[in-house]
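Let me begin by presenting the structure, written as structure tokens, before commenting on it.
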């Protein structure tokens, strides 16, 4: 079964594009801290399509914490200089939860006890 979840923060604002057949998609990278060493992280490239891509583009910026669910897609290409096969790993996101947004100011009046 190819099913995974990643929890981390966006390294930059998502990049929105449109395919030649008119399908919207958003590329973004999530920094996921390692369990055994919080000072290190894995940087995972993700892509989402259609309405999900639009929502991510609209609601996410650098530093936004997200929980992504999806599948791992592995593709290959050949490096023209070295003639070596290169592997590209991408998470194709099927759902996302928008969590902490460090760019959103907290209204102190709303935190009254």
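We did not get these values from a lab; they are worked out from the coordinates using the rules stated. Please read these numbers as outputs of a predicted model, since none were measured by experiment. Note that each Cβ is placed from the backbone with ideal geometry, even for glycine, and that neighbours are counted across all protein chains shown.
Give the peptides 47-60, 79-92 in descending order of average Cβ contacts within 10 Å, highest first. Please list the in-between numbers first.
Values: 47-60: 17.3, 79-92: 10.4.
Result, highest mean first: 47-60, 79-92.
Pairs of Cα atoms under 8 Å, at least six residues apart: use those to get the relative contact order of the chain, whole percent.
27 percent
Kindly rank 34-40, 23-29 from highest to lowest mean number of other beta carbons found within 10 Å of each residue. Before the final figure, lay out the partial values.
Working: 34-40: 7.7, 23-29: 18.6.
Per-residue Cβ counts within 10 Å, averaged per peptide and sorted highest first, yield 23-29, 34-40.
In degrees between 0 and 90, to the nearest 10, how far off the longest principal axis of the chain does helix 50-59 point, with axes built from Cα atoms?
For helix 50-59, the angle is close to 50 degrees.
On a full-extension model of 0.36 nm per residue, what is the gain between residue 97 and residue 39, subtracting their alpha-carbon distance, rounded to one decimal in nm?
18.5 nm
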